[in-house]
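The next block holds one structure in the form of structure tokens; read it before the comments.
A short reminder: the numbers here are calculations on the coordinates, not readings from a lab. Worth saying up front: this structure is predicted, and the values here are computed from it rather than measured. Don't worry about glycine lacking a Cβ; one is built from the backbone with ideal geometry, like all the others, and counts go over all protein chains shown.
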Amino acid sequence: MYKFLLTIFLFACCLGNSSARHKRDNQTEVKTTFSYAYIRVEGKFLSKKLKVKVDLGDSNEQIAEGEKLSEILTNKKSYASILNYMSKIGYELVNTFDLTDNYNGSGGTSGIIYIMKRVEE
């Protein structure tokens, strides 16, 4: 009896796994592509305003759009305002990195890098 129940259980598991691999005919596979932004934010010397450099890619259109965004975001006073603006135009935060400096044994954070993405249209 034990062998019979074990055989039925293993058969049901294998049947469930094999049916999970097959894609139904009426379902289409949707591939989403993303556009990424590399945003470097640093403080200006003797000022509370921020200097922002946006990198969207290597094509001429991406370079022009990155320079335009850099102009818009530079001179803001808040890191959150940069994130809020990018969020309004469809970007989502993926990761952050801090820029650190070390001089004669002392140092600290000199800026932040944001990696953001948005769904390409």
Seminar exercise, completed: residue 62 and residue 46 label points (each 7 Å along its Cα→Cβ direction) are spaced in nm at 3.8 nm
Exercise. Taking a 23 Å limit on the Cα-Cα distance, which of the listed pairs 49/88; 44/88; 68/117 fall beyond it?
Worked result: 44/88
